[in-house]
Structure formats: structure tokens, C-alpha cells
Amino acid sequence: MDRVGRLGSIGDRGNRVAAEAKVDPMHQFQLEKLAGADWNIAGYNIAFTNSALWMAVATIALIVFVAGGMKRQVVPGRWQMAVETFTGFIDGMLAANVGKNGKKYVPYIFSLFMFILFANFLGLMPLGVVGVHPFTFTSHFSATGVLAVLSFSIVLIVGFAKHKLHFFSLFVPHGTPVPMIPIIFVVELISFLVRPFSLGLRLFVAMMAGHVLLEVLSSFVISGGNAGPALFLIAGLPSFLLMVGICALELLVAGIQAYVFALLTCVYLNDAENLH
Amino acid sequence: MPQIAQLGEFYSSQIFWLLVFFGITFFVVGRGMVPKVMETVASRDNQIAADLKAAEAARAQADAEEASWRTRENANRAEAQGLIADARSKAAAVTAEKLAGVQARIDAEIASAEVRIAEARRSAAAEIEDVAADATREIVSRVAGLSLDDTAVRGAVKENLVHG
């Protein structure tokens, strides 16, 4: 009897250890193949993953959002007003950073900003309550890197198409003393070439850090709760309150990171359009 | 860190699907919908600008019309004042003329009346003289028994009448 009880408690402890082990802050970034494990293009696997699923969700949500603002009324309703606010925001950002040449980039910057914004926000939705686990694909540099490379490629293409080899004058700021030109050129070139990395990594790191933090704090809440009421009061409850605040902060970060990505792309496009 | 641990397995899938879905976003939303939304905004802005311009033009026209109405009104008023003054002076002239005519008639009537009065007075005086002369002669003839010469009586009466 005693032995059974002890065994039971050991088993309980084992379960608890297993439950604790499950709160892995990095588990949320795990990619899983949902379909097409054997889909290949030229030998490269293109399985449909949970990441791809949430890209699709973001795309559909974005299409629904913008389509809802397409009533084209002279006096806009709320939805149309919201969509027009976003297009006006992007238009204004390009006008401020690139000038009137920037108008043609509105479709790209709008898509970029809204795609990242929707991805970030969807990843923060408390859908776990209803059993769906949102996946934030912007917390993967393999995704943000593609967007960064895309933006950087557009900058390069526009820059060289518009200014030919004169584009290299971008790396020699006005007024640089002649003996300094070789060094400055190298420094500017490096800072230019770092741009796609900083662009992609910034978004990835910001999103990942926030999600890890939320997960770590939630593990405090769960572990504290499992360890007894005293520890729950000391550690669990403050962690929970902190989580509430950090959730709000993460919503802000989600918007800011999308904005920063779009804004920096605008700034880089300005270099390509107008040199400096 | 699954981002790195799973990179080798999933990078092609990540890149492929991101390009697919971002491509859909770009072509459907960015190229398809955003220009229409911005066109709506631009057409609204144009319409507002046009409306404002039309309102401005209408106001300018209203101002011009008011100004022209005002000059017309002023001219009309001046004309009316002129007419009134004219009529007033004309009426005054007519009145004065009429008054003058009446005055003349009255003066004439007064003059003729005075002539008549003077005449009446003179004839009355003559009659009184006659009567007085007769009475005097009668009185003298009765009292004194004298038969006086008519001319002498008359001269004495006239003298007495004149000197009271």
C-alpha cells in the first residue's frame, strides 16, 4: 500500500516532469510538414508546412481586409476608411522618403507592410484558447530573409537601371576628401551590403524574442501553479500580470517592426532613386 | 533553435511558400486592389477640390452680382432722389405760381375794392355834403328866415366838413 502510494507519487512526479519539459519556449517555432512531404521542385523539397499555412492565412486575411475597402464610395464607410488610411499611410511614407518618384512603389511597400503586419498580428492572436496554435512565420529568418533579399534586390535593380555604374557614387558621400575615398568606399559598401541582413534579422529577432519571452513567462505561470499556491502567488501571478503587459507591448512591436521594415525599404529605395 | 536546426530541411519550402504567398499578396492586393483604392481616394480629393473651386467661383459670382446690384441700386436710388427733387421743385414752382396768381388776383381785388371804397366814400361824402347843404339851408331859412345862396351854403358846409 505504502509502496503503491510511493510509486504513484513517483509516477506523478514523472508526469509533472514530462509536463514541465513540454513547456519549451522554442517549440512554437517548430516547423511541421502538414502536406506534400514529397513535393519537390528541381530536387528541392517544398512541403506545405504550418509556416506556409499561416502565410496563406495572412494572405487571405489581407485580401479580405483590402477587398472590404473596395466599395469605392465617395463617402467612405468605416472599413473603406481603414483601408484608405493604410494606403494613405504608405503613400505618405513613400512621398516623404522618396518623393514623387516613390508613387510607383506603393503596391510593393503596401504589400510588404501589410503582409508583415498581418503575419505579426496573426501570430499574436490568442487562438490557442480554441485549440489552434498560431505560427508566426516572421520569427523565421528563412522567411524574413526572403523579404529582405526581395527589397534589397529591388533597390539594386532600380539603382543600376536608373543610374548605371554611377550608382556606385552612393558609396562616396559628397565632400569626402580624396585620400579618404578608398576607405569610405569600403565602409559604405559594407554598410550597404549589411542592409539585407539587418533588415531580415531585425524582424526575425524582434518577433522571436517577444514570443520566447511570452512562452518563458507562461512556463513560470504553469510551473508556479504546479509547485503550489505559495509559489504561484510569488512567481506565477506576477509573471501572468507581466505577460498581460508584454502582450500589449508585443502588439506594439508587431506594428513597429512592420513599419520599420517598410520604412527602411523606403529609405533604401530613396538611395536607389535619388542617390544622395 | 528550430530556425537554425530545421534550416536545412525546410529552407526551400520556406522560400518557396513565402514567394508564392507574398507574390499572391503583391499581385492581388498590391497591384490589383491598392491602385483602385488610391484611385478612389484621388477621385474623391479631386471632387472635393472641384467642389471647393465651384463654391469659390459661385461666391465670386455672387459677390460680383451683389456689387452690380448695389451699383444699380445706388443708381436707381439716385435717380429716384432726382425724380423726387424734380417733382418737389416742380410742385414748389407750381405752388409758387399759383400763389402768385392768387396773390395777384387778391391784390387786384383789394385794389378794386379800395377804389370802390374810395369811390363810395367820396360819393357818400358828396351825398353828406348835399344833405348837409340842404339841411343847412333849410335850418338857416327856418331859423333865420334867410334864403341863402346855394353856392355859399355849400362852401361853408364843405369847409366845416373838412375842418370838422
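Might you check whether a residue that is more than 24 Å from B:L7 (Cα to Cα) and either away from chain B (no Cβ under 14 Å) or surrounded by 13 or more Cβ atoms within 10 Å (Cβ to Cβ) (or both) occurs anywhere in the range A:192-210?
Checked against the condition, which is being more than 24 Å from B:L7 (Cα to Cα) and either away from chain B (no Cβ under 14 Å) or surrounded by 13 or more Cβ atoms within 10 Å (Cβ to Cβ) (or both), the range A:192-210 yields at least one hit.
Among A:V106, A:V132, which is the only one that is without any contact (Cβ under 8 Å) to a residue 24 or more places away in the chain and not in a helix (DSSP H, G or I)? Give the steps one after another, and end with the answer.
Numbers: A:V106 fails: not in a helix (DSSP H, G or I).
None of the others qualify; the one that does is A:V132.
Condition first: within 11 Å of chain B (Cβ to nearest Cβ), in contact with a Pro (Cβ under 9 Å, 6 or more places away or on another chain) and either surrounded by 13 or more Cβ atoms within 10 Å (Cβ to Cβ) or β-branched (V, I, T) (or both). Can you find one or more residues in the range A:108-131 that meet it?
Looking for residues that are within 11 Å of chain B (Cβ to nearest Cβ), in contact with a Pro (Cβ under 9 Å, 6 or more places away or on another chain) and either surrounded by 13 or more Cβ atoms within 10 Å (Cβ to Cβ) or β-branched (V, I, T) (or both), one finds none in the range A:108-131, hence no.
On the given criteria, is B:A50 surrounded by 10 or more Cβ atoms within 10 Å (Cβ to Cβ) and away from chain A (no Cβ under 14 Å)?
No: the conditions fail for B:A50.
This table checks each residue for (1) closer than 30 Å to A:F29 by Cα; (2) among the aromatic types (F, W, Y).
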{"residue": "B:A5", "(1), (2)": "yes, no"}
{"residue": "B:G8", "(1), (2)": "yes, no"}
{"residue": "B:Q14", "(1), (2)": "yes, no"}
{"residue": "B:I24", "(1), (2)": "yes, no"}
{"residue": "B:F27", "(1), (2)": "yes, yes"}
{"residue": "B:V37", "(1), (2)": "no, no"}
{"residue": "B:D45", "(1), (2)": "no, no"}
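Out of the range A:151-187, which residues are free of Cβ contacts under 8 Å to residues at least 60 places away in the same chain, of a type outside the set (A, V, I, L, M, F, W, C) and within 17 Å of A:T265 (Cα to Cα)?
Scanning the range A:151-187 gives a single hit, A:S153.
One residue is enough: does the range A:76-87 have a residue meeting the conditions more than 11 Å from every other protein chain (Cβ to nearest Cβ), more than 21 Å from the chain's Cα centre (by Cα), more than 20 Å from A:L252 (Cα to Cα) and in a loop (DSSP other than H, G, I, E, B)?
Among the residues of the range A:76-87, at least one is more than 11 Å from every other protein chain (Cβ to nearest Cβ), more than 21 Å from the chain's Cα centre (by Cα), more than 20 Å from A:L252 (Cα to Cα) and in a loop (DSSP other than H, G, I, E, B), which makes the answer yes.
Please enumerate the residues belonging to the range A:53-75 that are at the interface with chain B (Cβ under 7 Å from one of its Cβ atoms) and without any contact (Cβ under 8 Å) to a residue 12 or more places away in the chain.
Scanning the range A:53-75 gives A:A56, A:I63, A:A67, A:R72, A:V74.
Residues that are in contact with an Asp or Glu (Cβ under 8 Å, 6 or more places away or on another chain) and surrounded by 14 or more Cβ atoms within 10 Å (Cβ to Cβ): does the range A:58-69 have at least one?
There is at least one residue in the range A:58-69 that is in contact with an Asp or Glu (Cβ under 8 Å, 6 or more places away or on another chain) and surrounded by 14 or more Cβ atoms within 10 Å (Cβ to Cβ).
If you scan the range B:1-41, which residues turn out to be touching a Gly at 6+ places or on another chain (Cβ under 7 Å) and more than 7 Å from chain A (Cβ to nearest Cβ)?
Correct list: empty.
Among the residues of the range A:158-212 satisfying the criterion of being in a helix (DSSP H, G or I) and hydroxyl-bearing (S, T, Y), which is farthest from A:P134 (Cα to Cα)? Give the derivation first.
Applying the first criterion (in a helix (DSSP H, G or I)) to the range A:158-212 yields A:158-171, A:178-212.
Then drop every residue that is not hydroxyl-bearing (S, T, Y), which leaves A:169, A:191, A:198.
Working: A:S169: 45, A:S191: 35, A:S198: 26 Å.
Ranking the qualifying residues of the range A:158-212, first place goes to A:S169.
Here is a list of conditions, (1) surrounded by 23 or more Cβ atoms within 10 Å (Cβ to Cβ); (2) more than 8 Å from every other protein chain (Cβ to nearest Cβ); (3) of a type in the set (G, A, S), and A:G102 meets all of them except one; can you say which number that is?
Going through the list (1) surrounded by 23 or more Cβ atoms within 10 Å (Cβ to Cβ); (2) more than 8 Å from every other protein chain (Cβ to nearest Cβ); (3) of a type in the set (G, A, S), A:G102 breaks only (1).
Read-outs: derived from the displayed coordinates by stated rules, not from any lab. No experiment lies behind these values; they were computed from the predicted model shown. Every residue, glycine as well, gets a Cβ built from its backbone with ideal geometry; the counts of neighbours run over all protein chains shown.
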